[in-house]
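The values are calculated or read from the model by the stated rules, or taken from the named source; none is laboratory data. On a predicted model such as this, the values are computed, not experimentally measured, just so you know. Don't worry about glycine lacking a Cβ; one is built from the backbone with ideal geometry, like all the others, and counts go over all protein chains shown.
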Amino acid sequence: MSCSDAWSDQVVSVHNSYRARYGAGPLAWSASLYPDTLVWAQECQFQHSNSAGNYGENLYFTTGNTDTLASGVKAWMDEAPNYNYNNPDFSAATGHFTQVVWKGTTQVACAVGDCAAGTVAPMAGKFLVCRYSPPGNYLGQFPQNVGMPQ
């Protein structure tokens, strides 16, 4: 199961534009993460999968007619002002942001599922799933993995 080069390039580009602002190196596309990511997105269950610590995972759902990838990653990055650099640690309010910019993460794969009304929400919409390897958000590793905005 593969995806278009245009999609993988867009996923990498959107992520890397944000990562560069926080001093994180560029991500590469993960062809190995993609197939299961796509299956999870298409199942339209708005819950985290059982990663068993093998990857990080961010989820986003929209009923709007926006670019799902761009709006999803932006929503995760909108958590950045809530991150406390004076007490760097995990927080549910910033966990999506910290995963996107986590310096130790080197690969990403994202997929979008078209979800019927009544599956994720009362209205039909798009379900974005992005997976990251190696995963981020490890306790005790935030200071060296979440950079200040540049």
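General remarks:
- Boolean, residue 23 is over 18 Å from residue 126 (Cα atoms) and touching a Gly at 6+ places or on another chain (Cβ under 8 Å): yes
- The single condition from (1) crowded, with 22+ Cβ neighbours inside 10 Å; (2) touching an Asp or Glu at 6+ places or on another chain (Cβ under 8 Å) that residue 95 fails is (1).
- Consider segment 54-77 and keep the residues that are under 10 Å from residue 128 (Cα atoms), of a type outside the set (Phe, Trp, Tyr) and outside any helix (DSSP H, G or I). The one that is farthest from the chain's Cα centre (by Cα) is 62.
- The set of residues in segment 78-101 that are of a type in the set (S, T, N, Q) and in a loop (DSSP other than H, G, I, E, B) comprises 84, 86, 87, 91, 94.
- Taken over segment 12-53, the criterion of being outside any loop (DSSP other than H, G, I, E, B) and either in contact with a Phe, Trp or Tyr (Cβ under 7 Å, 6 or more places away or on another chain) or at positive phi (or both) is satisfied by 12, 41.
- Criterion applied to 122, 143 was being without any contact (Cβ under 8 Å) to a residue 60 or more places away in the chain and not in a loop (DSSP other than H, G, I, E, B), and the one residue passing it is 143.
- Segment 2-11 - residue that is closer than 16 Å to residue 129 by Cα and not in a helix (DSSP H, G or I) and, of those, modelled with the lowest pLDDT: 2
- Residues of segment 103-119 satisfying the condition of being surrounded by 15 or more Cβ atoms within 10 Å (Cβ to Cβ) and assigned to a strand (DSSP E or B): 107, 108, 109, 110, 111, 112, 113, 115
Residue-wise test of (1) β-branched (Val, Ile, Thr); (2) surrounded by 18 or more Cβ atoms within 10 Å (Cβ to Cβ); (3) at pLDDT below 95.
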{"residue": "34", "(1), (2), (3)": "no, yes, no"}
{"residue": "41", "(1), (2), (3)": "no, yes, no"}
{"residue": "49", "(1), (2), (3)": "no, no, yes"}
{"residue": "60", "(1), (2), (3)": "no, yes, no"}
{"residue": "86", "(1), (2), (3)": "no, no, no"}
{"residue": "89", "(1), (2), (3)": "no, no, no"}
